[in-house]
Amino acid sequence: MSARDEVLGRYELVVGVEVHAQLNTATKLFCGCRLEFAAPPNSRTCPVCLGHPGVLPALNRAAFEKALRLAVAFGCRLEPATELDRKNYYYPDLPKNYQISQMYHNLGEGGELVLLRSGRTVRMHNVHLEEDAGKLSHAEGGRASTVDLNRAGTPLAEIVTMPDFRSVDEVDDYMDTLTELLRTLDVCRCQMQEGNLRFEASVSVRPRGQEALGARTEIKNLNSYSAVRKGITYEHARQVALLEAGKTPRQETRLWDDEGATDYEQGVPEALRVPRRDVWALLPPDWGDTGWTRFMRSKEQAHDYRYFPEPDLPAFEVSPARVDEIRRALPELPGPRRLRYAGLGVPQKTAEDLTRDVPLATYFERVMALGVPAPDAANYVMNQVGAALNARGLSAADCPVPAEHVADLHAMIVGKALPKDQLLKEVWPKTVEEGLAPSAVAAKYGLQALDDALVVAATDEAWAANPKSVEDLLAGKDKAKRALVGAVMRAFKASKAKPDPAAINARLDALLADERRRRLL
Amino acid sequence: MSAPLDPRTPEGVAHIARLSRLALAPEELSAMAAHLGKILDAVSVLERLDTQGVPAGLHDEALSEDALRADAVAPSLPVDEALRNAPARGVGGFEVPAVLAE
């Protein structure tokens, strides 16, 4: 065990995760402005999301129902009514000077999520609804910042876990599991590069065996999956280095800084910092020079948000009947779906890949519904259909090939209408390009299977005409077999019908066995 | 978070003034503490009401579907109109003094 592992091993990492998931509605949370990534700045605003005086918010039904669906999927406790609250603070990206969020009556409390890789259960703290702020941009060295309010009022579900993670891998498992769940429930597009999914981690460490949690750091600005992993890895090392130096971490908020844009531990008092090399000694060997969390504010500097119930919106009823209705309408969740696919004989890895891509899984279900056995259907969908989609950069939701064509392909393979190789390499690409069923492609190009007797005769001919290859084959040189197959294929060069290499191989094996037996006699 | 400061005291008023971005002179703090105290006393009459057993208020309209808005796109303002009252304009946006933190 390395010195690093030995030191880190004396402490336990404790992590909780907060996710802001942008709900995939057409419009904002409280007004009808269209949600659109990368629209021209301030072109998607109105008096409501600009915070003009005298306007009233009206809650988006779709956003409310998507957030409810999520809370139900987690198995949260739901109060009979949910209320929204005002969180007051001044910031240029917040036009009303308050954010409408939830504090006193969250949409859902508690609940849990079973991680897909490890099977561990993570407890949820709460799920609530809130609006996003606008976007501030600042030109390097400039004296002014610019505010774009297109994002102001975007519906977000904030998903908060309990401090249940003990390693970066578990957080990774959670991110994947949550992403799949959000996609399956059709509540979030999960495009991290568009900011649809934003993570914050609260990280603490404690000596192994100690019950009490250490002071936690909240890490913000984790804007990619890799930033989440690195931010937690760094905080783990920094806090352990502090404890090893006899210092105690304090509760504070930090920003993940991928590039190390500011000096190491700028603004942090001596009593709360250790030399950089002490932290680096606990980081993975390939960490590099930059990439750290930088101090933003301490607990003492925490904001006083003066939450109070939002007077412009009523409480919204969440009746048990409505919750039941939502629960019954939930789609099959990723965990059970993977198990079902595996039970149908789909290989584990393929079952995972299919479940991760909801439109592809839906397509797969359609192919199965047409009578194609699950393992075959999965195979065509992952390979033939997958290649066609990848080449065109399409989602399975926009697949140009109907599921019926896949079923037709399968029927032709099983019925040996044409050699399998020819069906996959010649007929299928034309099926995709021309939008015709495989059987229609075969008819259009006059493709038909060769009579087995013709293949046998041509193989026998090639056998007789190539004594050198036959001797090589008898001597165990497998390459000679390919030469013989090639000779048979060439014999049909002018013919539209192509022999099935599998049939040639079978005949060659028979000839070879006969020849061996003859020579032994 | 520590216990909230009493808004009836100059210290409490100073705290609220800071959160509200109001600049109050020291003599204004005491005067404001007295004013706020009177307002709070008037409102605190409500606290003497016995609300035991009264269910939490659910606005009647919340029970009807009308309280929720359909997820239908409504026209947004033209950019020029949206920015009309901006104290300063940058490229396509409201311009504000440089914000570097957070």
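Structure above, values below:
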quantity	calculated
Cross-link partners of A:K66 among lysines (Cα-Cα below 23 Å; sequence separation of 8 or more within a chain)	A:K28, A:K87
Positive dipole terminus of the range A:3-309, leading residue within A:T27, A:H128, A:Q266 (C-beta point charges)	A:T27
Dipole of the range A:326-405, positive end: most advanced residue of A:A397, A:L339, A:V381 [Cβ charges, Cα centre]	A:L339
Theoretical FRET efficiency, 1/(1+(r/R0)^6), r = Cβ-Cβ of B:H15 and B:V73, R0 30 Å, to 0.05	0.10
Spacing of the two label points (7 Å from each Cα toward its C-beta) at A:A144 and B:V54, in nm	5.2 nm
Pairwise label distance in nanometres, A:K468 with A:K299, each label 7 Å out on the Cα-Cβ vector	8.6 nm
Centroid-to-centroid separation of the range A:1-44 and the range A:444-521 [C-alpha atoms, Å]	61 Å
Nonlocal amide H pairs with A:T45, under 5 Å, H built at 1.01 Å	B:L77
Filter on A:K96/A:K135; A:K135/A:K220; A:K349/A:K477 - keep pairs with C-alpha separation over 25 Å	A:K349/A:K477
The range A:452-520: relative contact order as a whole-number percent, Cα under 8 Å and 6+ apart	36 percent
Kirkwood hydrodynamic radius (C-alpha pairs) into Stokes-Einstein, the protein assembly as shown, 37 °C and 0.692 mPa s, D in µm²/s	110 µm²/s
Modelled FRET efficiency - R0 41 Å, A:A281 with A:Y89, Cβ distances, 0.05 increments	0.55
Extreme residue, positive dipole direction of the range B:1-49, given options B:L36, B:L24, B:L46 (C-beta unit charges)	B:L46
Residues of type lysines that A:K430 reaches as a straight line, Cα spacing below 28 Å, ignoring anything fewer than 8 places off in the same chain	A:K416, A:K420, A:K444, A:K493, A:K496, A:K498
Nonlocal amide H pairs with B:R89, under 5 Å, H built at 1.01 Å	B:E95
Length-normalised contact order of chain A in % [C-alpha pairs under 8 Å, at least 6 apart]	13 percent
Dipole magnitude (debye, nearest 20) for the range A:452-520, charges at Cβ of Lys, Arg, Asp, Glu	200 debye
Measure of compaction for the range A:294-391 (Cα Rg per 2.2 N^0.38 Å)	1.83
Solution diffusion estimate, µm²/s, Stokes-Einstein, the range A:69-123, Kirkwood Rh from C-alpha pairs, 37 °C, viscosity 0.692 mPa s	244 µm²/s
At least 15 Å along the helix axis (C-alpha) and Kyte average at least 0.0, DSSP helices within chain A	A:61-74, A:358-369, A:403-414, A:452-465, A:479-491
Simple spin-label estimate for A:S495 and A:R519 in nanometres, 7 Å along Cα-Cβ	2.9 nm
Candidate aspartates and glutamates - alpha carbon under 16 Å from A:K299, same-chain residues fewer than 8 apart omitted	A:E218, A:E252, B:E102
The protein assembly as shown - mean residue ellipticity at 222 nm from DSSP helices (-39,500 (n - 2.57) per run, n ≥ 4, rounded to 500)	-11500 deg cm²/dmol
Electrostatic dipole magnitude of the protein assembly as shown [Cβ: Lys, Arg +1; Asp, Glu -1; Cα centre; debye, to 20]	2020 debye
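We did not get these values from a lab; they are worked out from the coordinates using the rules stated. These numbers were taken from a predicted model, which means no experiment stands behind them. Cβ atoms come from the backbone with ideal geometry, glycine included; neighbour counts cover every protein chain shown.
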